[in-house]
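Contents: one structure, followed by commentary.
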Amino acid sequence: MTVESTAARKTTRGGGKRATAKKAAPAKKKAVAAAPAEAEQDQLVQLLTPEGERVEHPEYSIDLSDEELRGLYRDMVLTRRFDAEATTLQRQGELGLWASLLGQEAAQIGSGRALRDDDYVFPTYREHGVAWCRGVDPTNLLGMFRGVNNGGWDPNSNNFHLYTIVIGSQTLHATGYAMGVQKDGADSAVIAYFGDGASSQGDVAESFTFSAVYNAPVVFFCQNNQWAISEPTEKQTRVPLYQRARGYGFPGVRVDGNDVLACLAVTRAALERARSGEGPMLIEAFTYRMGAHTTSDDPTRYRRDEEREAWEAKDPILRLRTYLLNEGFADQAYFDSVEEESESLGKRVREVVRAMPDPDNMAIFENIYADGHALVDEERAQFAAYQASFVDAEEN
């Protein structure tokens, strides 16, 4: 799916009002804390409204050329096209599983384009847009989901770590790496991506503690897409997620995760802050997961269509497209060229995935012990005999 194939959406104004603080009323016996949805506009950094109108923010600003703005649009459209193709390939049996980023393109492209080449990224398993920004070939992301490798790229080539399936563990890896960067005296920064569900993990709490105590140059980028599989955010927290940083001693900020300009501006500022020795920062990108958690999930069982439709009106690609058109920064010919490029990308992804060779069945025994190991040798022999039994059966 690209923005060209997205149905016309209703426009709703999402950035005009902010929640005002009120004195706490005496607690009633069955009272509950206000859900994060009620505080959606609380301190929300926004530079581009859902209607495609440019607005200013007192703390975060950005000045981009026409070419850079068009580049952000292209990044989001091509990333969405790649993601849609991967979803289709899974449905056709070419991939075992896929985690879609549909709806989260602005959060990923905006933050990804804020990075310097020498910064280091620790992703989860959904950061396809960030991988695109780091120059990782999209087809390399699919090998793990096809079951032919454990990650098809060298992390050091693009300063983009391998996808992490264990929820939240990459935040600890990022913190440790950032502490190492600090000891080396480098001025680069580290960024760790995770979701709202991962924010409930102990690993994330530990990484917050260590990064704060050691003033590590790390940015924690939480994509709050409202749902941890089937569990809504209000079941995980009593306050907006960005406010958790305060308890650890470093700042947090909530940004409109469907606004690519705001995500770029806030992440760029947070990274620069980390590089200058001011320590960690938490960014909560308030966005929405338009599709399923993964292709094994059915969101219709726990999510209302009205909720999804309301967020469709805030589509990150549509709002930037509207802005580019209204300001004369791009014309229909440009949009058509991006659409053609996206179709070519989809075709290449299909061809590459279907041509991926099966892995060597015996490779799992390699690169474990430098000098070999008797038990591994025994297990290798047993597995080789087991594999050979299938050949014998076919011949007989």
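The values are calculated or read from the model by the stated rules, or taken from the named source; none is laboratory data. Given the structure is predicted, the values throughout are model-derived calculations rather than measurements. Note that each Cβ is placed from the backbone with ideal geometry, even for glycine, and that neighbours are counted across all protein chains shown.
Taking segment 284-302 only, how many residues are touching a residue at least 24 places away in the same chain (Cβ under 8 Å) and assigned to a loop (DSSP other than H, G, I, E, B)?
Filtering segment 284-302 for residues touching a residue at least 24 places away in the same chain (Cβ under 8 Å) gives 284-297, 299, 301-302.
With the extra rule that they be assigned to a loop (DSSP other than H, G, I, E, B), the set shrinks to 287-297, 302.
Of the residues in segment 284-302, 12 are touching a residue at least 24 places away in the same chain (Cβ under 8 Å) and assigned to a loop (DSSP other than H, G, I, E, B).
Considering every residue within segment 154-167, establish whether at least one is part of a helix (DSSP H, G or I) and of a type in the set (D, E, K, R). Working first, answer last.
Within segment 154-167, the subset part of a helix (DSSP H, G or I) is 155-158.
Within this subset, residues satisfying the condition of being of a type in the set (D, E, K, R) are none.
No, that holds for no residue.
For segment 178-198, which residues satisfy the criterion of being hydroxyl-bearing (Ser, Thr, Tyr) and either more than 30 Å from Thr287 (Cα to Cα) or buried (at least 21 other Cβ atoms within 10 Å of the Cβ) (or both)? Spell out the reasoning first.
Restricting attention to segment 178-198, the residues satisfying the condition of being hydroxyl-bearing (Ser, Thr, Tyr) are 188, 193.
Of everything in segment 178-198, just one residue is hydroxyl-bearing (Ser, Thr, Tyr) and either more than 30 Å from Thr287 (Cα to Cα) or buried (at least 21 other Cβ atoms within 10 Å of the Cβ) (or both), namely Tyr193.
Collect the residues in segment 352-378 that are surrounded by 10 or more Cβ atoms within 10 Å (Cβ to Cβ) and under 17 Å from Leu142 (Cβ atoms), keeping them in residue-number order.
Val352, Val353, Arg354, Met356, Pro359
Looking at segment 53-62, can you tell me whether even one residue there is part of a loop (DSSP other than H, G, I, E, B), surrounded by fewer than 22 Cβ atoms within 10 Å (Cβ to Cβ) and aromatic (Phe, Trp, Tyr)? Spell out how you get there, then give the answer.
Residues of segment 53-62 that are part of a loop (DSSP other than H, G, I, E, B), as a first pass: 53, 55-62.
Those still in the list that are surrounded by fewer than 22 Cβ atoms within 10 Å (Cβ to Cβ) too: 53, 55-62.
Filter again for aromatic (Phe, Trp, Tyr), leaving 60.
Yes, that holds for at least one residue.
Considering (1) buried (at least 16 other Cβ atoms within 10 Å of the Cβ); (2) within 30 Å of Ala228 (Cα to Cα); (3) not basic (Lys, Arg), say which one Thr300 fails and leave the rest.
The failed condition is (1).
List pairs: first residue in segment 62-89 and among the β-branched types (Val, Ile, Thr), second residue outside any helix (DSSP H, G or I) anywhere in the structure, Cβ distance under 6 angstrom, at least six positions apart or on different chains.
Correct list of pairs: Val77/Thr2; Thr87/Trp98; Thr87/Ser100.
Kindly establish whether Ala174 is more than 24 Å from Cys263 (Cβ to Cβ), in a helix (DSSP H, G or I) and at pLDDT 95 or above.
Working: more than 24 Å from Cys263 (Cβ to Cβ): no; in a helix (DSSP H, G or I): yes; at pLDDT 95 or above: yes.
Taking the combined requirement at face value, the residue does not satisfy it.
Go through segment 221-260 and count every residue that is assigned to a helix (DSSP H, G or I) and in contact with a Gly (Cβ under 7 Å, 6 or more places away or on another chain). First the steps, then the outcome.
Start the filter on segment 221-260 by keeping residues that are assigned to a helix (DSSP H, G or I), which leaves 233-235, 241-248, 260.
Keeping just the survivors that are in contact with a Gly (Cβ under 7 Å, 6 or more places away or on another chain) gives 242-246, 260.
Of the residues in that region, 6 qualify.
With respect to Trp153, determine if the residue is buried (at least 18 other Cβ atoms within 10 Å of the Cβ), assigned by TED's automatic domain parsing to the domain that holds Asp196 and under 25 Å from Tyr288 (Cβ atoms). Steps first, please.
Values: buried (at least 18 other Cβ atoms within 10 Å of the Cβ): yes; assigned by TED's automatic domain parsing to the domain that holds Asp196: yes; under 25 Å from Tyr288 (Cβ atoms): no.
No, not satisfied.
Please find, within segment 343-396, the residue that is modelled with the highest pLDDT out of those that are within 24 Å of Gly151 (Cα to Cα) and among the aromatic types (Phe, Trp, Tyr).
Ranking the candidates gives Phe383 first.
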